[in-house]
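The values are calculated or read from the model by the stated rules, or taken from the named source; none is laboratory data. All values reported here derive from a predicted model rather than from experimental measurement. When we count neighbours, we look across all protein chains shown, and the Cβ atoms used for this are built from the backbone with ideal geometry, even at glycine.
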Amino acid sequence: MGMKGKIALGAVVGIVVIGTASANAGSGGTGDSGSGDKGSSASTERRGGGEREGKDAAEVAEKKAAFAGDGDFQVGTDVKPGTYRTTGNTDGMCYWERAKDSSGEMDSLLANDNVTGTSYVTVKAGDKLFTSSGCNDWEAVDEKAKGSPASTMAGEGGMFRVGVDIAPGTYKSAGNTDDSCYWERSKDAEHGIDSIIANNNVTGTAVVTISASDAYFKTTGCQDWKKSG
């Protein structure tokens, strides 16, 4: 599972884009399985109910994991257009790309990224292929889902959904020593240059205000962020 030798378009080191803002994660569940002693009708009924609950839970889990973290997926057949999320990527080996065809050539690339932590990606109806390598499974994102927005972020957390994963406000990350801290305010999860509202590479202390109308905030290689206002 080697990392592809392509540079992620969305996180271009050293480019700072200034601009104004735009807008906005989910969780799953488990089920019980019933058990019973002898062959009494009561225990049989309990067993039957448990099997149904287990089946429902399995269907929910299957629906939540939209597609695997490794493979090429044709848009429209293997993957439906929509926004997806992969979480818990800890080894820096997760790579994904959106492509306009399946030629494998560089000019077919629409967007790509190397992921630590979480990534959100919106697959568009006009995309032809979505490729994922070394990632944890992708799940569909409920755009209407509410969250309990946090006021802190892991500096290597990847992408956070504003208003769901994190609260808007001013955040500070201190003690960044080697210029590897990169942050980005995004208006969507398409990962194109037009998706970037503002971004920066930081040494020392980083301070950034995330607007309520921002959709996502991305952080890689930074010290942890704390809300300061």
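Restricting attention to the range 194-203, the residues that are out of contact with any Gly (no Cβ under 8 Å at 6 or more places or on another chain) and not polar (S, T, N, Q) add up to 2. The strands (runs of 3 or more DSSP E) falling completely within the range 138-229 that include 2 or more residues that are small (Gly, Ala, Ser) map to 169-186, 196-210. On the stretch given as the range 117-140, residues that are under 14 Å from MET159 (Cα atoms) and either at pLDDT below 95 or small (Gly, Ala, Ser) (or both) total 2. Name every residue in the range 140-163 that is within 17 Å of SER228 (Cα to Cα) and aliphatic (A, V, I, L, M), in order of residue number. Selection gives ALA150, MET153, ALA154, VAL162.
Check the range 90-105 and report whether any residue there is crowded, with 16+ Cβ neighbours inside 10 Å, over 18 Å from ASP137 (Cα atoms) and not basic (Lys, Arg). Checking the range 90-105: at least one residue is crowded, with 16+ Cβ neighbours inside 10 Å, over 18 Å from ASP137 (Cα atoms) and not basic (Lys, Arg). Could you tell me whether TRP138 is farther than 19 Å from GLY82 by Cα and out of contact with any helix residue (DSSP H, G or I) (no Cβ under 7 Å at 6 or more places or on another chain)? No; evaluated as a whole, the condition is false for this residue.
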